[in-house]
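Here the structure comes first, spelled out in structure tokens, and everything after it is commentary.
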Amino acid sequence: MAFSAFFSRLKEGLQRSKQKLAEGIGAVFTRRRLDEAALAELEDLLIAADLGPAAASRIIADFRRTRFGKEVEAEEVRAALAEEVAAILAPIARPLAIDRSHAPHVVLVVGVNGTGKTTTIGKLAQQYREAGLRPVLVAGDTFRAAAVEQLQIWGQRTGAEVIAGPPGADAAGLAFDALGRARAGGADVLLIDTAGRLHNKNALMQELAKVVRVLRKQDPTAPHSVLLVLDATTGQNALSQVLVFKEMVAVTGLIVTKLDGSARGGVVVALAETFGLPVHAVGVGEQASDLHPFDPREFARGLLES
């Protein structure tokens with residue numbers, strides 16, 4: 001999908017998020033002086049739109065410094081907010097770089113069930129194939145038959161090898177075998193799906209730690225990337241998921257999915273301000289082309305501008 005088409009999808013997807021902010025800003029700012037009361041209302045709006053208290057406080061502090069006491073229109077406020085949001089997001093907008101010298105670059109994909117982990121792996125595989133890389137997929141969520149089947153469908157669709165074990169197989173052993181096969185076969189990228197059953201956090205933590213430990217018996221530097229997939233529709237709950245998975249495994253970057261069905265897209269700003277982890281890509285649909293590198297300025301425009 002061309003970038004302009006993707007941006008149109010992103011802007012369309014963020015409509016519900018933008019509506020929350022736009023209506024509130026329109027109600028507060030109609031030729032109104034930017035005094036403390038207006039700033040307080042604006043801060044409440046930003047927090048309600050899932051930007052989070054830290055980002056809201058940072059934005060309000062800058063508004064107080066640059067615009068306090070001035071008469072402002074809603075359009076001016078939205079445009080200024082878009083600039084502020086883009087500035088917060090700019091440092092974390094970094095595409096995932098695949099280092100072919102690792103042969104393969106091992107990507108461990110984590111997240112709770114339902115965030116779109118397996119679909120994201122399939123989309124990445126297709127994009128890597130189109131870029132001339134050879135990906136191998138590992139169905140590491142061995143207790144969820146649907147995840148294995150879904151990954152196999154993506155494998156057929158993309159021509160990527162899928163390595164799966166019997167139901168309930170040891171995920172670490174499967175990952176170890178897959179890394180050996182991927183190395184022998186000259187793969188460029190090894191994408192490993194994992195379980196996401198947070199109701200049994202200790203068991204999941206032990207499983208992920210074991211996967212990492214066993215991979216390092218073959219390659220002490222693996223995994224080279226640990227991607228946490230987050231569902232934008234969960235809003236502030238995405239922050240608690242980052243905390244949990246950072247405790248389990250060294251998360252190196254984020255992918256945010258389902259921005260097309262969320263009124264809570266502002267959570268991307270809260271994630272940036274709170275954790276500073278790279279956001280490698282955002283998703284706005286089911287097709288491989290619906291996963292796109294994160295562009296902070298276009299995201300900010302989609303979230304705030306008319």
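Worth pointing out:
- Residue in the range 28-37 that is surrounded by the fewest Cβ atoms within 10 Å (Cβ to Cβ), counting only those that are hydrophobic (A, V, I, L, M, F, W, C) and either modelled with pLDDT of 90 or more or out of contact with any Lys or Arg (no Cβ under 8 Å at 6 or more places or on another chain) (or both): Ala37
- Hits in the range 181-222 (condition: among the acidic types (Asp, Glu) and in contact with a strand residue (DSSP E or B) (Cβ under 9 Å, 6 or more places away or on another chain)): Asp188, Asp193, Asp219
- Qualifying helices (runs of 4 or more DSSP H) (wholly inside the range 171-264; at least 3 residues being more than 22 Å from His105 (Cβ to Cβ) and of a type outside the set (Asp, Glu)): 201-218, 237-248
Conditions tested, residue by residue: (1) modelled with pLDDT of 95 or more; (2) touching a helix residue (DSSP H, G or I) at 6+ places or on another chain (Cβ under 7 Å); (3) hydroxyl-bearing (Ser, Thr, Tyr).
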position: Asp99; (1), (2), (3): yes, no, no
position: Pro104; (1), (2), (3): yes, yes, no
position: Gln127; (1), (2), (3): no, yes, no
position: Thr142; (1), (2), (3): no, yes, yes
position: Ala145; (1), (2), (3): no, no, no
position: Gln150; (1), (2), (3): no, yes, no
position: Ala187; (1), (2), (3): yes, no, no
position: Asn200; (1), (2), (3): no, no, no
position: Leu204; (1), (2), (3): no, yes, no
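- Out of Leu227, Leu254, Leu304, Leu291, sole residue that is surrounded by 24 or more Cβ atoms within 10 Å (Cβ to Cβ) and under 21 Å from Ala22 (Cα atoms): Leu304
- The range 141-170: number of residues that are assigned to a helix (DSSP H, G or I) and in contact with a Pro (Cβ under 9 Å, 6 or more places away or on another chain): 3
- Residue under evaluation Glu71, criteria (1) in contact with a Lys or Arg (Cβ under 7 Å, 6 or more places away or on another chain); (2) loosely packed, with under 13 Cβ neighbours inside 10 Å; (3) within 25 Å of Val251 (Cα to Cα), criterion not met: (3)
- Given (1) assigned to a helix (DSSP H, G or I); (2) modelled with pLDDT of 90 or more, index of the condition Gly302 fails: (2)
- Residues within the range 196-206 that are free of Cβ contacts under 8 Å to residues at least 60 places away in the same chain and surrounded by fewer than 20 Cβ atoms within 10 Å (Cβ to Cβ), tallied: 7
- Condition met for Ala272 (part of a helix (DSSP H, G or I), of a type outside the set (Asp, Glu), without any contact (Cβ under 8 Å) to a residue 40 or more places away in the chain and touching a helix residue (DSSP H, G or I) at 6+ places or on another chain (Cβ under 6 Å)): no
- In the range 276-295, the residues that are out of contact with any strand residue (DSSP E or B) (no Cβ under 8 Å at 6 or more places or on another chain) and either modelled with pLDDT of 90 or more or not in a helix (DSSP H, G or I) (or both): Gly276, Gly285, Glu286, Gln287
Conditions (1) part of a helix (DSSP H, G or I); (2) buried (at least 20 other Cβ atoms within 10 Å of the Cβ), marked per residue:
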site	(1), (2)
Glu43	yes, no
Asp50	no, yes
Ala55	yes, yes
Arg64	yes, no
Arg78	yes, yes
Asp99	no, no
Val109	no, yes
Asn113	no, no
Gly132	no, no
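- Meets criteria (surrounded by 19 or more Cβ atoms within 10 Å (Cβ to Cβ) and at negative phi) for Leu215: yes
- Residue within the range 265-274 that is within 18 Å of Arg197 (Cα to Cα) and crowded, with 19+ Cβ neighbours inside 10 Å present: no
- Summed over the range 246-269, the residues that are within 13 Å of the chain's Cα centre (by Cα) and either more than 21 Å from Gln15 (Cβ to Cβ) or free of Cβ contacts under 8 Å to residues at least 60 places away in the same chain (or both) give a count of 6.
- Being surrounded by fewer than 23 Cβ atoms within 10 Å (Cβ to Cβ) and touching a Ser or Thr at 6+ places or on another chain (Cβ under 7 Å) is a property that Ala169 has.
The values are calculated or read from the model by the stated rules, or taken from the named source; none is laboratory data. All of these numbers come straight from a predicted model, not from anything done at the bench. Note that each Cβ is placed from the backbone with ideal geometry, even for glycine, and that neighbours are counted across all protein chains shown.
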